[in-house]
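The values are calculated or read from the model by the stated rules, or taken from the named source; none is laboratory data. A quick note: this is a predicted structure, and the numbers were derived from the prediction, not measured. Note that each Cβ is placed from the backbone with ideal geometry, even for glycine, and that neighbours are counted across all protein chains shown.
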Amino acid sequence: MRKVMKTVCWLVFLAFIGLSSFANWEHGTTRISSFMLAVVPVGFAASVFILEGLISAQKASRSTFAAIGFVALASGVASYLGLFGMARDAGIPLVQAALLPLSFDGVVLVASMGIRGFSPAHVPTRPRSVSRTKAAAVPAAANPVTAAVPEVSGPNDKRDKAFRMLAEGRDKSDVAQTVGVSVRTLNRWITQKEEAPNVN
């Protein structure tokens, strides 16, 4: 179901980017102005995608967020004005003409969020009940995985336990659920360890 929803989001995203670019192209008075106006919605979508990715990966500093946010805002305003002008030139009433660009670029924004939201890294998978049931049925002393990972409570102990389980080849979602953290937190720990391997 997740793959189907992601595919639907991609189709909606591409369709509305295409329609927005075509509408902006038609509004241009020369070939160069048409091309420049048609590229604006693509720039808006690209800025939004990059910004969402940086925020999701927790890599967006304030300066990066401000810079990309400014580019996305400028592209969005330019796209809005192009679609609004096209709608007015076509004789569409003022209120509908004012809302039309928001529906186009708004759907692009929502679809981009859906694409990222339905990606595997952002959707927790179900725990493998069969493997967990088998692990529960075997005593701790006879189960090397359970025996090798003692029960811990502190945040650093949770992180150490998570790294030991990952080193044993356990699935990320399974590790996150066992330790009691989100997959996003687990990914952040992994990134921190890669950037500073000697820091616990």
Any chance the range 76-96 includes a residue that's surrounded by 12 or more Cβ atoms within 10 Å (Cβ to Cβ), modelled with pLDDT under 50 and in a loop (DSSP other than H, G, I, E, B)? no
Flagged in the range 1-27 as farther than 19 Å from Phe118 by Cα, free of Cβ contacts under 8 Å to residues at least 40 places away in the same chain and surrounded by fewer than 18 Cβ atoms within 10 Å (Cβ to Cβ), in numbering order, are Gly18, Phe22
I'd like the full set of residues that are more than 19 Å from Trp10 (Cα to Cα) and not hydrophobic (A, V, I, L, M, F, W, C), limited to the range 90-117. Gly91, Pro93, Gln96, Pro101
Just give me the residues in the range 1-46 being modelled with pLDDT under 80 and of a type in the set (Lys, Arg), in sequence order. Arg2
